[in-house]
1. Rounded to the nearest 0.05, what FRET efficiency is calculated for Thr21 and Thr107 with R0 set to 41 Å and r the Cβ-Cβ distance?
2. Residues of the range 46-67 with amide nitrogen under 12 Å from the 7 Å Cα-to-Cβ point of Asp139?
3. On C-alpha positions alone, give me the angle between the axis of helix 22-32 and the longest principal axis of the chain, in degrees, nearest 10.
4. Find the centroid of the Cα atoms in the range 151-167 and in the range 24-83, then give the distance between the two in whole Å.
5. Of the listed values (i) 1.27; (ii) 1.67; (iii) 1.18, grab the one calculated as Cα Rg over 2.2 N^0.38 Å from the structure here.
6. For the chain, set up a Gaussian network in which alpha carbons nearer than 10 Å are linked by springs, and say which option among Val48, Val80, Val147 fluctuates the most.
7. Kindly list the residues of the range 130-162 that lie in the label zone of Thr170, defined by a backbone N under 15 Å from the point 7 Å along the Cα-to-C-beta vector.
8. Tell me, what is the FRET efficiency for Trp31 and Asp94 to the nearest 0.05, using R0 = 45 angstrom and their Cβ-Cβ distance as r?
Amino acid sequence: KDRTWIQNAKIIELTHGNMFTDDQFKRNLEWMRPDAIMGIGCTHEGTVNFLSAVGPNRGSKSDESVRKRIEIAHSMGIKVIATHSGVGNRAAGDAHPEWIRIRADGTPSPDNFAGWQMDLLSSYPETWFLTQVEEMLRDYDADGLWVDGDSWYLRPCYSAHTIERFVAETGYEPPRVG
């Protein structure tokens, strides 16, 4: 798909919740006239508003609503951007503690803001994150993708497999930084 439209787009975020009827939703889009909406996704809690093969979801009623809203938006020429919490995911960390980023002091990163900080060298990206992203882009005809919160969590990870890989590739122990 051509993605150049996003460079100057007026975008509104309607990612979570179902505050309006479909008719109200359409009237709001007619009034706001956005180029795109952010209308399908995964929260920092790790819950998706569509039916996914992995992780918790809000059920079939939410899935039906998402599909209808995408249909309404597309019928009006409005693009739909899929969103994903990315590196912060409470549900993934709860289900797979071995995926949680380990801090320099050997303790798991806290989940105090936007979910557990995921270890990007674990199987989280391939097993959970990319599965959900592929589902959103393939099954829901999304026109783009926004990965939220990724810059908040890009910190060193000191999990055993990460340290082993670092030593194997460099011959050195990794430096310990916050």
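1. 0.30
2. Residues passing the 12 Å test: 48-60, 63-64, 67.
3. For 22-32 against the chain, the angle is about 90 degrees.
4. 34 Å
5. Comparing each candidate, only (iii) matches the computed number.
6. Taking springs between Cα atoms under 10 Å, the residue moving most is Val147.
7. Residues 155-162 fall inside that zone.
8. E(calc), rounded to 0.05, equals 0.65.
Coordinate-derived values only; no laboratory data. Source: prediction; values computed, not measured. Note that each Cβ is placed from the backbone with ideal geometry, even for glycine, and that neighbours are counted across all protein chains shown.
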